[in-house]
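In what follows, a single structure is set out as structure tokens and then discussed.
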Amino acid sequence: MRPETDHDESVPHTHPDPGVDPHTPLAPAGRALRVGIGGPVGSGKTALVAALCRAFAGELRLGVVTNDIYTTEDADFLKRAGVLDPARIRAVETGCCPHTAIRDDIGANLDAVDELAEAVGPLELMLVESGGDNLTATFSRGLVDRQIFVVDVAGGDKVPRKGGPGVTAADLLVINKTDLAPMVGADLSVMDRDARARRGDLPTMFLSIREDPTAGRVAAWIRHELSHHRAVAAVPVGPA
Amino acid sequence: MRAAARLVARADGRGGTTLVELRGETPLLLRQVPTRRGGVTVYVVGGAAGPLAGDDLRLHIEVGAGAAVRVHTVAASVALPGRPDATSRMLVRAVVAAGAALHWLPEQLVAAAGCAHVAESRISVADGGALSWRDELVCGRYGEEPGDAVVDTVVDHGGRPLLRQSLAVGPDAPGWAGPAVLGGAPATGSLLVLDPSRPAEPPLVTAGGTVARLPLAGGPATLWTATAPDAHTLRRHLTPPEAPLATA
Amino acid sequence: MAAPSLLLLLADGRFPAGAHAHSGGLEAAVAARRVTDLATLAAFLRGRLATAGLVGATFAAAAHRAAPAADRRARLARLDTELDARTAAPALRAVSRRQGRALLRAGRTIWPHIPFADLPGAGGGPHQPLVLGLLGAAAGLDRTETALAAAYGTVTAAASAGVRLLGLDPYHVHALLVDLAGACDATARDAADAADGPPEDLPAVAAPLADIHAEVHATWEVRLFAS
Ligand SMILES: Nc1nc2c(ncn2[C@@H]2O[C@H](COP(=O)(O)OP(=O)(O)O)[C@@H](O)[C@H]2O)c(=O)[nH]1
Ligand SMILES: [Mg+2]
């Protein structure tokens, strides 16, 4: 069965007091909002990237950097899927260390981000997909402004309880493949409860990309973060 | 043994090439042979076994504007041990003017057991000059481990560095036979083709990962580099496109 | 030793300059079945140290030497073309410049006062050894220490790639590095001495298979390492 939050159409909102900004500082004015998408292998990271490309087609100038353990697998999928101009996709080799490339030694990813911007002009949104890893991989704040952690119900309903930095600290936790929950006997309300316990006020969303190929609520969350990013970028820096 | 030789070629003013200087001494004797096409062909005729450690051989080549020269050797040179603790040395200096062409296509250098040999080439090609330059090295005679040999090639083009490479084999060259350098191949070499009328060709690896075609950074030049199981195979990989194996 | 901690810092594989993504040609050598076990890895490391290791270390030392010079910019530009002429394979030139960019990115943030603007920038970034030379000088390392960081990096990157690609026992692989330590130190000394010579005379030790492997690797659709 589905937990109630999944039917709540409002985008989870994490800063009820508009005067207080709970976010870590955002990007310098003018540059793209960078959103990292991490999570275990097969949870649906590439599927989510593809869904977001569909969602933002014609709306945002978008670029994608992939960090698959095999260089081009994810990038190739996205190119084949035809959801994004191949010129807007870059793949980074990670030397069998996908988490190092997004967390400890982010230069190659930053290079890819810069190259994309040079190649196709200024971008508004940059999605960085991590190579599939276990639950411990997270993005460096030097690389991304926001991170989404994707797990799936097929991985078992204990995943949120296990925690790990991705589940507990990501700006958004996405629990994907809800369409499979009945098949694998996953109890979504247990996952929801555990996620809340782990994450406090940070938002969690249930999703089935199979049923919602534009990942509407995740796209809405990104739109919201983006408007916040732009608002912050528009504020003059320095003493008032 | 010390020997020096000089070859100076100039355009003859009728579209051909004339040798204004051609002299050598044993074991660096130079012989001009008739050529069908324009340009002259010169053979280096070895006059003695070797080089032996201790030998010092120098060849100077100058190709003036509009002239074309091909240089071959009649046989492989076999670097042999000689005086203890001595090194044999063969230095070729070449200067190629604008509108001139030099094709240096000698037979192999064989590094025999116990040898200590350095083959140096110092080539300067003016902007607009053309060059083919082949270096082939066979590591040891049949079934033999080579002594120390270094093939050191320095090419400038238009006064700028084009190619610097120094291949070292033998006991003094750590790891030379290993998978980072030659992977056990007994023959190796390279062919540089600098042709102002043709852009460098894109990189390509052929022959089961033993030959690479490499466009250089410093000019319209391509380097073929190869490893091979024998001298014959190596020659097949390092024969310039329009150059027959021998000019008769 | 002028700045031992900074030498360790620059030589550390965890220094964020992208080393983890480079196998130093090992990935292609493994695919070609030329490196299959500890013994062949040992031979690979030895050959790499004597070729790319010596050349890279010498150019790092030469850039270190150029760092305080009034005509630094011209000297670095000359070193750049000299290193290009020693790197016949375009894939290896690109890798060296890519690693140079990565090191430059780290260096600019960590040591903002270093005169990186004098590095030749065209053609995809400065060659890695030149960036390392400037970093070493600014960090107070002497020329031999700077060369050592370069030489050490060429073997450790390939060694740890060996652990990852072949599943070799990391203790045994580190024993290989211990065996190589003397050669690594000697390479650094040779490089520091050679850096006194004119740029055209700097070592140019070639490795045909390094060129071939790099070009094969560059054509792969699927690869784990950037080089
Ligand atoms: N049933 C179902 N399958 C999904 C869903 N999202 C992704 N998948 C499938 O899960 C597999 C792995 O997805 P992918 O995006 O490649 O995972 P990644 O390794 O995290 O990038 C693919 O076969 C997808 O088609 C979903 O919502 N429902
Ligand atoms: Mg993926």
(request) Could you give log10 I(q)/I(0) at q = 0.11, 0.15, 0.17 Å⁻¹ for region B:82-160, computed by the Debye formula over C-alpha point scatterers of equal weight, without solvent? (result) -0.37, -0.60, -0.71
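Over region A:82-154, consider all pairs of different Cα atoms and compute the Kirkwood hydrodynamic radius from their mean reciprocal separation; express it in Å, one decimal. Kindly include the intermediate steps, with their values, before the conclusion.
Details: mean 1/r = 0.0749 Å⁻¹.
One over the average 1/r among Cα pairs gives 13.3 Å for region A:82-154.
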(request) Return the average number of partner chain Cβ atoms within 10 angstrom of each residue Cβ along peptide A:99-111. (result) 5
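Would you calculate a helix-derived [θ] at 222 nm for the protein assembly as shown, using -39,500 (n - 2.57) for each DSSP H run of n ≥ 4 and dividing by the full residue count, to the nearest 500? Don't skip to the answer; put the middle values down first.
Values: 19 runs with 231 residues, N = 715.
Helix-only estimate at 222 nm: -10000 deg cm²/dmol.
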(request) State the three equivalent ellipsoid semi-axes of region B:42-193, derived from the C-alpha gyration tensor as the square roots of 5 times its eigenvalues, in descending order and whole Å. (result) 28, 17, 13
(message) Can you list residues from other chains, or at least 5 along the same chain, whose modelled amide H is less than 5 Å from the amide H of residue B:219?
(response) none
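Within a 10 angstrom radius of each residue's Cβ in C:216-227, how many Cβ atoms of other chains show up on average? Whole number is fine. Could you put the intermediate results ahead of the total?
Values: counts 4, 1, 2, 3, 3, 5, 8, 6, 9, 6, 7, 2.
The per-residue average across the peptide is 5.
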(message) Defining a contact as two alpha carbons under 8 Å apart and six or more residues distant in sequence, what relative contact order in percent does chain C show?
(response) 38 percent
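Suppose R0 equals 41 Å; then what is the FRET efficiency for residue C:9 and residue A:201 from their Cβ-Cβ distance, rounded to the nearest 0.05? Intermediate results must be reported in sequence, preceding the final value.
Details: r = 39 Å, r/R0 = 0.95.
The pair residue C:9/residue A:201 has a calculated efficiency of 0.60.
Could you tell me what a quarter of the Cα convex hull surface of region A:33-229 works out to, in nm² with one decimal place? Could the numbers behind the result be given before it?
Details: hull surface 39.9 nm².
Mean orientational projected area (region A:33-229, Cα hull): 10.0 nm².
Consider all pairwise Cα distances in region C:30-137 and report the whole-number % of them above 23 Å.
The calculated P(r) of region C:30-137 puts 32 percent of pairs beyond 23 Å.
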(message) Ratio of alpha-carbon Rg to the 2.2 N^0.38 Å globular estimate for chain C, to two decimals, please.
(response) 0.94
(request) Could you work out, residue by residue across C:51-58, how many beta carbons of other chains sit within 10 Å of that residue's beta carbon, and then give the average as an integer? (result) 2
(request) Could you calculate the FRET efficiency of residue B:85 with residue C:221 from 1/(1 + (r/R0)^6), where r is the beta carbon distance between them and R0 is 60 Å, rounded to 0.05? (result) 0.70
(message) Within region C:34-78, list the residues whose amide N lies under 15 Å from a label point set 7 Å along Cα→Cβ of residue C:172.
(response) C:35-44
(request) Specify the angular offset, from 0 to 90 degrees and rounded to the nearest 10, of the alpha carbon long axis of helix C:72-85 from the longest principal axis of the alpha carbons in chain C. (result) 30 degrees
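So for each of C:198-210, C:14-26 I average, over its residues, the number of other beta carbons within 10 Å; can you give me the resulting order with the highest mean first?
Per-residue mean Cβ counts within 10 Å order the peptides as C:14-26, C:198-210.
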(request) Using label points projected 7 Å from each Cα along Cα→Cβ, tell me how many nm separate residue B:198 and residue A:232, to one decimal. (result) 5.8 nm
(request) Quick one: grab Rg to one decimal and Dmax as a whole number for the protein assembly as shown, Cα atoms only, in Å. (result) 30.1, 99
(request) With everything on Cα atoms, drop me the angle between helix C:143-166 and the longest principal axis of chain C, reported from 0 to 90° to the nearest 10. (result) 20 degrees
(message) Net charge within 15 Å of residue B:83 by Cβ-Cβ distance, Lys/Arg positive one each and Asp/Glu negative one each, not counting residue B:83 itself?
(response) -2
(message) Taking the 0 to 90 degree range and rounding to the nearest ten, how far is the long axis of helix C:54-66 tilted relative to the main principal axis of chain C, both from C-alpha atoms?
(response) 20 degrees
(request) Sort A:214-226, C:129-141, B:2-14 for me by packing, meaning the mean count of neighbouring Cβ atoms within 10 Å per residue, highest on top. (result) C:129-141, A:214-226, B:2-14
(message) Give me the one-decimal nm value for the distance between modelled label points at residue A:212 and residue B:93, 7 Å along each residue's Cα-to-Cβ direction.
(response) 7.9 nm
(message) If I take every Cα pair under 8 Å that is 6 or more residues apart in chain B, average their sequence separation and divide by the length, what percent do I get for the relative contact order?
(response) 13 percent
(message) Net charge around residue C:147, counting only other residues with Cβ within less than 13 Å of its Cβ (Lys, Arg = +1; Asp, Glu = -1)?
(response) -3
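Rounded to the nearest 0.05, what FRET efficiency is calculated for residue B:76 and residue B:31 with R0 set to 22 Å and r the Cβ-Cβ distance?
Values: r = 17 Å, r/R0 = 0.78.
The pair residue B:76/residue B:31 has a calculated efficiency of 0.80.
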(request) Take the alpha carbon atoms of region C:8-79, find their center, do the same for region B:171-248, and report the distance between the two centers in whole angstrom. (result) 23 Å
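We did not get these values from a lab; they are worked out from the coordinates using the rules stated. Being a predicted model, the structure only gives us computed values, none of them experimental. Cβ: placed from backbone, ideal geometry, glycine included. Neighbour counts: every protein chain shown.
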